[in-house]
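Colleague: I'd like to ask some things about the structure below.
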Amino acid sequence: MNIVETNIPGCFEIIPNVLKDKRGTFVKTFHQDIFGKHGLTTDFAEEYYSYSNKGVLRGFHFQLPPYDHVKIVYCVSGTIIDAIVDLRKGSPTCGQHAVFELSREKANALYLERGIAHAFYVMSDFAIVMYKVTTVYAPEHDAGILWNSANIPWPDENPILSQRDSQFPGFADFQSPFQYFEKT
């Protein structure tokens, strides 16, 4: 796999080798030694997935300290527009975002450092998105920012949202507890 740093420090796009034959495809999504050689976390505590219909937007989500986590996200079925926002005070990219297309065909993934808000929009008829995180879900530390408050060029001005996601504070009103620490 190829691990490429994004414009957000500590966040990477993972581009795996996709093995294809007449049966279909085979993709390795995680390799402890390769991740370790790149200084990436390998101690994941929980993994889950979401199934979402076309036009659904989930996010922006994150967990607050001390239950903040590193996250790996990939799309195993369908196509999504995936967006991240740097919430870390002191980061050279604090407040900036990055946007990616994740899909079954590309088989790419995102590695997101602590203090990064994450959201995605479903482009295909449906999408299945997998998440691997380094801390277990802690409802009292679950948080988010409003989907349309971070200047993301979403393809839809009226996506399908959960009630919870539609009531998050805007980015400008969010008081970030996250601090950026440059890795040496």
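The values are calculated or read from the model by the stated rules, or taken from the named source; none is laboratory data. As the structure is a prediction and not an experimental result, all values here were calculated from the model. With ideal geometry, Cβ positions are generated from the backbone for all residues, glycine too; neighbour counts draw on all protein chains shown.
Colleague: Would you check which residues across the stretch 80-124 are surrounded by fewer than 24 Cβ atoms within 10 Å (Cβ to Cβ) and of a type in the set (Val, Ile, Thr) and list them?
Modeller: Across the stretch 80-124, the qualifying residues are Ile81, Thr93, Val99.
Colleague: So which residues in the stretch 1-43 are loosely packed, with under 14 Cβ neighbours inside 10 Å and aliphatic (A, V, I, L, M), if there are any at all?
Modeller: If the condition is that a residue be loosely packed, with under 14 Cβ neighbours inside 10 Å and aliphatic (A, V, I, L, M), then Val4, Leu19 are the ones that fit.
Colleague: Of everything in the stretch 1-46, what is under 26 Å from Gln63 (Cβ atoms) and of a type in the set (Ser, Thr, Tyr)? Give them in sequence order.
Modeller: Thr6, Thr29, Thr41, Thr42 - these are the residues of the stretch 1-46 that are under 26 Å from Gln63 (Cβ atoms) and of a type in the set (Ser, Thr, Tyr).
Colleague: While we're on this one: Looking at (1) more than 20 Å from Tyr48 (Cβ to Cβ); (2) touching a helix residue (DSSP H, G or I) at 6+ places or on another chain (Cβ under 8 Å); (3) not aromatic (Phe, Trp, Tyr), which one does Gln96 not meet, given that it meets all the others?
Modeller: Of everything listed in (1) more than 20 Å from Tyr48 (Cβ to Cβ); (2) touching a helix residue (DSSP H, G or I) at 6+ places or on another chain (Cβ under 8 Å); (3) not aromatic (Phe, Trp, Tyr), Gln96 misses just condition (2).
Colleague: Evaluate the stretch 152-159: report whether one residue or more is on the phi > 0 side of the Ramachandran plot, modelled with pLDDT of 95 or more and not small (Gly, Ala, Ser). If you could, list the steps in order and put the result at the bottom.
Modeller: At the first step, the residues of the stretch 152-159 found to be on the phi > 0 side of the Ramachandran plot are none.
No.
Colleague: Looking at this structure, is Ile34 in contact (Cβ under 8 Å) with a residue 40 or more places away in the chain and out of contact with any Pro (no Cβ under 8 Å at 6 or more places or on another chain)? Before you say what the answer is, go through the steps one by one.
Modeller: Working: in contact (Cβ under 8 Å) with a residue 40 or more places away in the chain: no; out of contact with any Pro (no Cβ under 8 Å at 6 or more places or on another chain): yes.
No, not satisfied.
Colleague: Go over the candidates Gly95, Gly59 one by one and state the one that is outside any strand (DSSP E or B) and at pLDDT 95 or above.
Modeller: Values: Gly59 fails: outside any strand (DSSP E or B).
None of the others qualify; the one that does is Gly95.
Colleague: Going through the stretch 146-184 one residue at a time, which ones are in a helix (DSSP H, G or I) and among the polar types (S, T, N, Q)?
Modeller: If we filter the stretch 146-184 for residues that are in a helix (DSSP H, G or I), which is where we start, we get 163-166, 171-173.
Gln163, Ser166 - these are the residues of the stretch 146-184 that are in a helix (DSSP H, G or I) and among the polar types (S, T, N, Q).
Colleague: Okay, moving on. Please state which one of Ile3, Ile81 is over 24 Å from His141 (Cβ atoms), in a strand (DSSP E or B), touching a helix residue (DSSP H, G or I) at 6+ places or on another chain (Cβ under 8 Å) and at pLDDT 95 or above.
Modeller: Values: Ile81 fails: touching a helix residue (DSSP H, G or I) at 6+ places or on another chain (Cβ under 8 Å).
So the residue among Ile3, Ile81 that is over 24 Å from His141 (Cβ atoms), in a strand (DSSP E or B), touching a helix residue (DSSP H, G or I) at 6+ places or on another chain (Cβ under 8 Å) and at pLDDT 95 or above is Ile3.
Colleague: Something else: Find the residue count for the stretch 94-118, including only residues that are farther than 25 Å from Asp43 by Cβ and not basic (Lys, Arg).
Modeller: Of the stretch 94-118, the ones farther than 25 Å from Asp43 by Cβ are 94-97, 99, 101, 103-106.
If we keep only those that are not basic (Lys, Arg) too, we end up with 94-97, 99, 101, 103, 105.
Number satisfying all stated conditions: 8.
Colleague: Do the conditions hold for Asp68, that is, is it under 27 Å from Asp156 (Cα atoms) and either of a type outside the set (Lys, Arg) or over 14 Å from the mean Cα position of the chain (by Cα) (or both)?
Modeller: Values: under 27 Å from Asp156 (Cα atoms): no; either of a type outside the set (Lys, Arg) or over 14 Å from the mean Cα position of the chain (by Cα) (or both): yes.
No: the conditions fail for Asp68.
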